[in-house]
Amino acid sequence: MYSMDNDIDHILVSEDALKAKVNELGAQISRDYAGKDLLLVSILKGSVVFMADLMRAVQIPCAIDFMVVSSYGGANTSSTGLVKIIKDLDADLTGRDVLIVEDILDTGITLSKLVPVLKMRNPGSVKICTILSKPSRRMADIEPDYCGFEVPDEFVVGYGLDYDEKYRNLPYVGVLKPEVYSGE
Ligand code: XMP
Ligand code: MG
């Protein structure tokens, strides 16, 4: 039977490693946000899998919300420009402690534009939790407050991350075989 596993060249982060790390992050967030009004903000679609796991690893009451954003223009766009909000939050952020949940911090341009937009809404705080980070690709002056794994500069799929909207449902993070891109 055809399985998505056949399309994977190598695994970067296993299912077990993801599970252990998410539990660790959940425990840390539970300690750091105890007594606070925590709102987890998932950036769709890439972070849905991480969000679903992380929210259950958080052991304090919290609210959740979702947002769809896209950066204007390409990589040479000014990092002080605004982000385009395709789907905004429903929640009022006033006084609340916002934790942005992301799949991967790559150049950092998207979040470097989104964070100031959210800060304009008078939250108590805004921090970033990402399951993956590619530090070698960073262009904007931004780092995650909570980070699962640093990955090399390879295009990764799985655990929410897609190639052409597919492979988000892989339970681990991996790199596709070259022939999958070339469509052989
Ligand atoms: P920034 O602004 O940090 O954008 O460059 C981060 C967004 O880019 C996407 N991205 C990836 N998606 N595999 C993916 O499937 C990757 O290796 C990858 N690197 C970046 C992702 O949507 C992330 O939110
Ligand atoms: Mg994304």
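Read-outs: derived from the displayed coordinates by stated rules, not from any lab. None of these values were measured; they are calculated from a predicted model. Positions of Cβ are generated from backbone atoms using ideal geometry, with glycine treated the same way; all protein chains shown enter the neighbour counts.
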Next item on the list: Find the centroid of the Cα atoms in the stretch 92-144 and in the stretch 1-57, then give the distance between the two in whole Å.
Entry: 16 Å
Next item on the list: Between beta-carbons, use under 12 Å as the cut-off and find the net charge around Lys21, counting Lys and Arg +1, Asp and Glu -1.
Entry: -4
Notebook entry, point to check: Within the chain, what percent of beta bridges assigned by DSSP are antiparallel, to the nearest 5?
Noted result: 35 percent
Notebook entry, point to check: Extent of the stretch 3-72 along each principal axis, from alpha carbon coordinates, in Å, largest to smallest?
Noted result: 46, 35, 19
Notebook entry, point to check: Hey, if you drop one equal point scatterer on each alpha-carbon of the stretch 104-183 and run the Debye formula without solvent, what base-10 log of I(q)/I(0) do you get at q = 0.22 Å⁻¹?
Noted result: -1.06
Next item on the list: With an 8 Å cut-off on Cα pairs and a minimum separation of 6 or more residues, tell me the relative contact order of the stretch 1-140 in percent.
Entry: 22 percent
Next item on the list: Take peptides 3-9, 144-150, 27-33 and line them up by average Cβ neighbours within 10 Å, highest first, as a rough protection proxy.
Entry: 144-150, 27-33, 3-9
Margin query: How large is the translational diffusion coefficient of the chain in µm² per second when you combine the Kirkwood radius over alpha carbon pairs with Stokes-Einstein at 10 °C and 1.306 mPa s?
Written below: 93 µm²/s
Notebook entry, point to check: By how many nm would the segment from Lys19 to Ser182 lengthen if fully extended, with 0.36 nm per residue of separation less the alpha-carbon distance?
Noted result: 55.5 nm
Check: Around Lys45, with a cut-off of 10 angstrom between Cβ atoms, what is the net charge of the other residues, counting Lys and Arg +1 and Asp and Glu -1?
Finding: -2
